[in-house]
Amino acid sequence: TGSITVGELAEKLNKETNEIIKKLMFLGVMATKNQDLDEDALELICGEYGVEVEEEVEVDKSDLTNYIAEEDPEKLEERPPVVTIMGHVDHGKTTLLDSIRNTKVTEGEAGGITQHIGAYQIRENDKKVTFLDTPGHAAFTSMRSRGAQITDIAILVVAADDGVMPQTIEAINHAKAAEVPIIVAVNKMDKEGANPDRVMQELTEYQLIPEDWGGDTIFVNLSALKGEGIDDLLEMILLVSEVEELKANADRLADGTVIEAQLDKGRGSVASLLVQNGTLRVGDPIVVGNTFGRVRAMVNDLGKRIKSAGPSTPVEITGLNDVPLAGDRFVVFKDEKQARQIGEMRQEIQLEEKRGSQSRVSLDDLFEQI
Ligand code: GTP
Ligand code: MG
């Protein structure tokens, strides 16, 4: 609260407490040193000294974003793009994700057992690309409904033998709402009846116009099944991410978003996180949504134990006191005590909200019975 005692005010104004009390008396306010001044009295006395009362802005101490340090533009460096794959049912999203992973991840990463952490990272021409391994729609809807935006580039998969379908349009709308650039992947080019020109034609209706036709949308023809055109697609992803100038500061406490989380019998709460800024380290005190703890162990998408993870890196961590939700934000704190305090505060608020909604529900039920 913004209250202040007579003694505190005297200190602030650099006056003797007695002087303030006298002035107050003169103004018709009886007060002692430790008494809280009400707003009127404060206005009066400050007016007397010719100082302005500044409204103390109340910060929501439970809002995690308030704990993210201000960015130092000098320290920003290029970071890998985070890519989501979207498209109509059966147009080949999963096959494309698998194809990219199979051709790129296992290459030179001997002994790597891919871990399902909802995202993976590949390397192309010495540049990294992070793919969200979730159905694009889900990523956009659940994440966006929680205020998180984690995708930098959307790949729109359209089967060349099927063309634009309802969920293709849905995907376009999601990407446009999020103001994320779209690369069109015309898939199943190996199939008989594949007609990429028709796909291009159909997409012009949605302002996705190929460069050849005077537009600025990148189209890549590929066969996810045969692994053809994958390199072209990756090249285009790198091109677009360069244009986007994606940047982050590795030299700060990490923050980011939960990709998925669950309870594991042996390990407890296990959360896949995407580090979006800063560097996440083992041992870091962390608040994740309404949960908190210390990063006990950290594993990358290859199942390898790692000690630190920079911007755009997907990781899996243990050490949280409960299971967070996909789309929750996480923020690392310098000291554990603060993380605990904020985590507990957030948990309490969540409990209160739950109680509130429960009583509302029962009221609704009552009305329904009438
Ligand atoms: P949902 O997750 O159900 O929305 O589907 P999806 O978009 O992930 O499609 P998925 O990758 O499961 O592919 C659907 C079917 O199309 C599978 O039988 C794939 O083998 C096949 N398929 C995917 N890509 C290609 C391709 O490039 N060529 C051919 N011929 N078949 C493909
Ligand atoms: Mg799929």
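The values are calculated or read from the model by the stated rules, or taken from the named source; none is laboratory data. Fair warning: this is a prediction, and the values are worked out from it, not measured in the lab. Methodologically, a virtual Cβ is constructed for each residue, glycine included, from the backbone with ideal geometry; neighbour enumeration extends over all protein chains shown. Calculation scope for accessible area: heavy atoms of the full protein, side chains included, ligands and nucleic acids excluded. Shrake-Rupley method; radii C 1.70, N 1.55, O 1.52, S 1.80 Å.
Just one of (1) over 30 Å from residue 279 (Cβ atoms); (2) in contact (Cβ under 8 Å) with a residue 24 or more places away in the chain; (3) not charged (D, E, K, R) trips up residue 65, so point out which.
Going through (1) over 30 Å from residue 279 (Cβ atoms); (2) in contact (Cβ under 8 Å) with a residue 24 or more places away in the chain; (3) not charged (D, E, K, R) one by one, residue 65 breaks only (1).
Here is a check on your reading of the model: is residue 18 outside any loop (DSSP other than H, G, I, E, B), open to solvent by 30 Å² or more (accessible area, probe 1.4 Å) and more than 16 Å from ligand 2 (Cβ to nearest atom)? First the steps, then the outcome.
Details: outside any loop (DSSP other than H, G, I, E, B): yes; open to solvent by 30 Å² or more (accessible area, probe 1.4 Å): yes; more than 16 Å from ligand 2 (Cβ to nearest atom): yes.
Yes; evaluated as a whole, the condition is true for this residue.
Of all residues being among the basic types (Lys, Arg) and either touching a helix residue (DSSP H, G or I) at 6+ places or on another chain (Cβ under 8 Å) or closer than 23 Å to residue 117 by Cα (or both) in the range 49-106, which is nearest to ligand 2 (Cβ to nearest atom)? Just the residue, please.
Ranking the candidates gives 93 first.
Could you tell me which numbered condition residue 318 fails, if it satisfies all but one of (1) open to solvent by 20 Å² or more (accessible area, probe 1.4 Å); (2) in contact (Cβ under 8 Å) with a residue 12 or more places away in the chain; (3) of a type in the set (S, T, N, Q)?
Exception for residue 318: condition (1).
Return yes when residue 262 is polar (S, T, N, Q), under 20 Å from residue 120 (Cβ atoms) and not in a helix (DSSP H, G or I) and no when it is not.
On the way: polar (S, T, N, Q): yes; under 20 Å from residue 120 (Cβ atoms): yes; not in a helix (DSSP H, G or I): yes.
When the stated conditions are applied, residue 262 passes them.
Can you pull out the residues in the range 33-59 that are on the phi < 0 side of the Ramachandran plot and open to solvent by less than 80 Å² (accessible area, probe 1.4 Å)? Walk me through how you get there before you give the answer.
Our first condition is that a residue be on the phi < 0 side of the Ramachandran plot; within the range 33-59, this holds for 33-49, 51-59.
Within the range 33-59, 35, 37, 41, 42, 45, 46, 47, 49, 51, 53 meet the criteria.
Among the residues of the range 67-92, write down those that are within 16 Å of ligand 1 (Cβ to nearest atom) and surrounded by fewer than 22 Cβ atoms within 10 Å (Cβ to Cβ). Show your work before the answer.
Step one: list which residues in the range 67-92 are within 16 Å of ligand 1 (Cβ to nearest atom), which gives 83-92.
Selection gives 88, 89, 90.
Do we find a residue being over 28 Å from the mean Cα position of the chain (by Cα), closer than 29 Å to residue 124 by Cα and free of Cβ contacts under 8 Å to residues at least 60 places away in the same chain anywhere in the range 232-250?
Step one: list which residues in the range 232-250 are over 28 Å from the mean Cα position of the chain (by Cα), which gives 232.
Checking the rest, the ones that are also closer than 29 Å to residue 124 by Cα come to 232.
Remaining after also requiring free of Cβ contacts under 8 Å to residues at least 60 places away in the same chain: 232.
Scanning the range 232-250 turns up at least one residue that is over 28 Å from the mean Cα position of the chain (by Cα), closer than 29 Å to residue 124 by Cα and free of Cβ contacts under 8 Å to residues at least 60 places away in the same chain.
Within the range 93-141, how many residues turn out to be within 16 Å of ligand 1 (Cβ to nearest atom), over 18 Å from residue 317 (Cα atoms), among the small types (Gly, Ala, Ser) and at pLDDT below 90?
3
For the range 215-231, which residues satisfy the criterion of being more than 16 Å from ligand 2 (Cβ to nearest atom), under 30 Å from the mean Cα position of the chain (by Cα) and outside any helix (DSSP H, G or I)?
Within the range 215-231, 216, 217, 218, 219, 220 meet the criteria.
Do any residues in the range 84-101 that are closer than 19 Å to residue 181 by Cα have Cβ atoms under 9 Å from those of residues that are part of a helix (DSSP H, G or I) and within 7 Å of ligand 1 (Cβ to nearest atom), where the two are at least six apart or on different chains, and which pairs are they?
From the range 84-101, the pairs are 85/93; 85/94; 85/96; 86/93; 87/93; 87/96.
Among the residues of the range 229-251, what is the count of those that are of a type in the set (A, V, I, L, M, F, W, C) and open to solvent by 40 Å² or more (accessible area, probe 1.4 Å)? Steps first, please.
The initial filter retains those residues of the range 229-251 that are of a type in the set (A, V, I, L, M, F, W, C), namely 230, 233-234, 236-240, 243, 246, 248, 250.
Add one more test, that the residue is open to solvent by 40 Å² or more (accessible area, probe 1.4 Å), and what stays is 236, 239, 243.
Result for the range 229-251: 3.
Output the number of residues of the range 302-345 satisfying the condition of being of a type outside the set (A, V, I, L, M, F, W, C), part of a strand (DSSP E or B) and out of contact with any helix residue (DSSP H, G or I) (no Cβ under 7 Å at 6 or more places or on another chain).
Our first condition is that a residue be of a type outside the set (A, V, I, L, M, F, W, C); within the range 302-345, this holds for 303-305, 307-308, 310-314, 316, 318-319, 321-322, 324, 327-329, 334-338, 340-341, 343-344.
Of the ones still in play, those that are also part of a strand (DSSP E or B) are 305, 308, 314, 316, 318-319, 329.
Within this subset, residues satisfying the condition of being out of contact with any helix residue (DSSP H, G or I) (no Cβ under 7 Å at 6 or more places or on another chain) are 305, 308, 314, 316, 318-319.
Qualifying residue count for the region: 6.
Among the candidates 99, 62, 3, which residue alone is among the polar types (S, T, N, Q) and under 29 Å from residue 331 (Cβ atoms)?
On the way: 99 fails: under 29 Å from residue 331 (Cβ atoms); 3 fails: under 29 Å from residue 331 (Cβ atoms).
Checking each option against the conditions leaves just 62.
Checking residue 254 against (1) among the hydrophobic types (A, V, I, L, M, F, W, C); (2) open to solvent by less than 30 Å² (accessible area, probe 1.4 Å); (3) closer than 25 Å to residue 95 by Cα, which test does it fail?
(3)
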